[in-house]
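Colleague: The structure is given below, and queries will be raised subsequently.
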Amino acid sequence: MSPKRHALLWGLAALGVPVVGAALLWVWGVSEEATRGTAGGATQGPSLTLMLAPSVVAVVAGAVVLGGVTRPVRPRWLGAGLALVALLLAVGLGAAAALVVTGGQLYVPGPLPPSP
């Protein structure tokens, strides 16, 4: 792989760190806001699946972009491995940054519904 492609790969991985961090902070913000809303008698907030959608989209988009950068690498498994390492590093650092900002809590659970 050329030095330009290496720089592009790791530069894009570095850009992925704040993207993943922001997506996870969005989950925390929405869940925290929904919890405050339910305490006041409002309806239940969005589901965890809906809140995680931006995070999943960010990771899938990152995988596609990083895979495209490493596509010309031969053997094929080496390119896929480089893309995977870059993706895991970006996701791990982004999640760690979000955990630091939120005090270790990425999801604020709401009150449990009454049991019958």
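What follows draws every value from the coordinates through simple rules; no lab data is involved. Note that the structure is predicted; figures quoted are calculated from it, not measured. Note: ideal-geometry Cβ built from the backbone for every residue, glycine included; neighbour counts use all protein chains shown.
Colleague: Could you check the simple spin-label distance between residue 76 and residue 52, using points 7 Å along Cα→Cβ, in nm with one decimal?
Modeller: With each label point 7 Å from Cα toward Cβ, the separation is 3.0 nm.
Colleague: For labels at residue 6 and residue 85 in the simple 7 Å Cα→Cβ model, what's the distance in nm?
Modeller: 1.1 nm
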